[in-house]
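Taking it in order: structure first as structure tokens, then the write-up.
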Amino acid sequence: MLSEQAKSDIQNLMTKYPDARSAVMPALHLVQRAMGWLPDEAIQEIADLVGLSKTEVNGVATFYTMYAREQQGKHTIMFCNDLPCALRGSETMLEHLEHKLGCQAGQTSADGKITLKEAECLGGCDHAPVMLIDGAEHLQDLTIEKLDEIVERLRKD
Ligand code: FES
């Protein structure tokens, strides 16, 4: 499952920590970047490489929301629903997104284009509500109209 390059990169990561097992998080990132998500086989291979059990690696991968244990859509929307964003209407906006995409937070739209995830604070409370697209595009001061434009843009991509 893991490419020889990925295995080599993980072994290289392991040399950067006093305890090789500490490389588990960057190893998960590395594999997720390459595969788009973290299937069971990849979790097992990471566990074998870093010297942890599959259960321990899965525990890390399921604890942090940035790791995906299910196949993702082409784009991922992380939508903040923490208190400052909630005070500025994020709950209504999240419901609007769910309705527009035809899926609940944590799921992927039927066309496979967009995965919607609820997130804790994304670090832009002074411009709430906030969302993050594909881990890179930080959008603030959201409105229902902006959400509609963004979804249309992502669907066309
Ligand atoms: S609470 Fe939403 S960005 Fe901080």
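Brief remarks follow.
- Wholly enclosed helices (runs of 4 or more DSSP H) of segment 1-118 bearing at least 2 residues within 25 Å of residue 130 (Cβ to Cβ): 24-35, 54-63, 83-87, 90-101
- Within segment 112-138, considering residues that are within 11 Å of the ligand (Cβ to nearest atom) and hydrophobic (A, V, I, L, M, F, W, C), the one surrounded by the most Cβ atoms within 10 Å (Cβ to Cβ): 131
- Residue 142 under 21 Å from residue 62 (Cα atoms) and of a type outside the set (Phe, Trp, Tyr): no
- Test result for residue 99, within 25 Å of residue 148 (Cα to Cα), surrounded by 15 or more Cβ atoms within 10 Å (Cβ to Cβ) and away from the ligand (no atom under 16 Å from the Cβ): no
- Scanning segment 53-76 finds one or more residues that are surrounded by 17 or more Cβ atoms within 10 Å (Cβ to Cβ), in contact (Cβ under 8 Å) with a residue 60 or more places away in the chain and touching a strand residue (DSSP E or B) at 6+ places or on another chain (Cβ under 7 Å).
- Filter result for the condition that a residue is in contact with a Gly (Cβ under 9 Å, 6 or more places away or on another chain) and either near the ligand (Cβ under 9 Å from one of its atoms) or without any contact (Cβ under 8 Å) to a residue 60 or more places away in the chain (or both), over 109, 90: 109
- The C-beta contact set for segment 118-134 (first residue more than 12 Å from residue 83 (Cα to Cα) and assigned by TED's automatic domain parsing to the domain that holds residue 144, second residue crowded, with 19+ Cβ neighbours inside 10 Å and of a type in the set (Phe, Trp, Tyr), distance under 7 angstrom, 6+ apart or interchain) comprises 118/79; 131/79.
- The single condition from (1) surrounded by 18 or more Cβ atoms within 10 Å (Cβ to Cβ); (2) in the same structural domain as residue 135 (by TED's automatic domain parsing); (3) not basic (Lys, Arg) that residue 86 fails is (1).
The values are calculated or read from the model by the stated rules, or taken from the named source; none is laboratory data. This is a predicted model, so every value here is computed, not measured. Cβ: placed from backbone, ideal geometry, glycine included. Neighbour counts: every protein chain shown.
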